[in-house]
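These notes concern the structure reproduced below.
The values are calculated or read from the model by the stated rules, or taken from the named source; none is laboratory data. All figures in this text were calculated on a predicted structure; none of them were measured in a lab. FYI the Cβ positions are ideal-geometry reconstructions off the backbone, even for glycines, and counts take in every protein chain you see.
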Amino acid sequence: MKTPKVLLIEDDPDQISLYRTVFKLAGLKLLEATNGSKGLAAAKKNKPDLILCDLVMDGMDGMEVLKRLKADSATKNIPTVMLTNLNKKSLYVEAENLGALDFWAKTEVMPQEIITRVQKIIS
């Protein structure tokens, strides 16, 4: 059985390190991209089972990444969850309208809960 791949598009090294650890402990393969354009390229190349995308990033923000993922036939069907510190209803609605599967506030969803949610989505 192949190990499911999750792509994390995140520009904060501390967050990347945290998720790298919890995913490894859970036996999940985590691919990492440190900005939006690297994330788009990694999504196309690796065809992950799920994308977790930060909202606030330098250069291209998460909403723009989401728009581009959903506009590309190669990536439009990959489930994408927005992962952010900005817990605003308007952002949640915008992300949903753009095709995000879900919207998780980092401050409200502990890393272990993220693993549980990810496993539910990819299983």
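Conditions tested, residue by residue: (1) modelled with pLDDT under 95; (2) of a type in the set (S, T, N, Q); (3) out of contact with any helix residue (DSSP H, G or I) (no Cβ under 9 Å at 6 or more places or on another chain).
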site: 13; (1), (2), (3): no, no, yes
site: 29; (1), (2), (3): yes, no, no
site: 54; (1), (2), (3): no, no, no
site: 65; (1), (2), (3): no, no, no
site: 73; (1), (2), (3): no, yes, yes
site: 86; (1), (2), (3): yes, no, yes
site: 92; (1), (2), (3): yes, no, yes
site: 123; (1), (2), (3): yes, yes, yes
Count - residues of segment 49-60 that are within 19 Å of residue 84 (Cβ to Cβ), surrounded by 16 or more Cβ atoms within 10 Å (Cβ to Cβ) and either of a type in the set (Gly, Ala, Ser) or over 9 Å from the mean Cα position of the chain (by Cα) (or both):
3
Conditions first: (1) buried (at least 20 other Cβ atoms within 10 Å of the Cβ); (2) under 15 Å from residue 33 (Cβ atoms). Residue 95 passes all but one, so which condition is the exception?
(2)
Filter result for the condition that a residue is in a loop (DSSP other than H, G, I, E, B), surrounded by fewer than 18 Cβ atoms within 10 Å (Cβ to Cβ) and either more than 11 Å from the chain's Cα centre (by Cα) or not basic (Lys, Arg) (or both), over 44, 2:
2
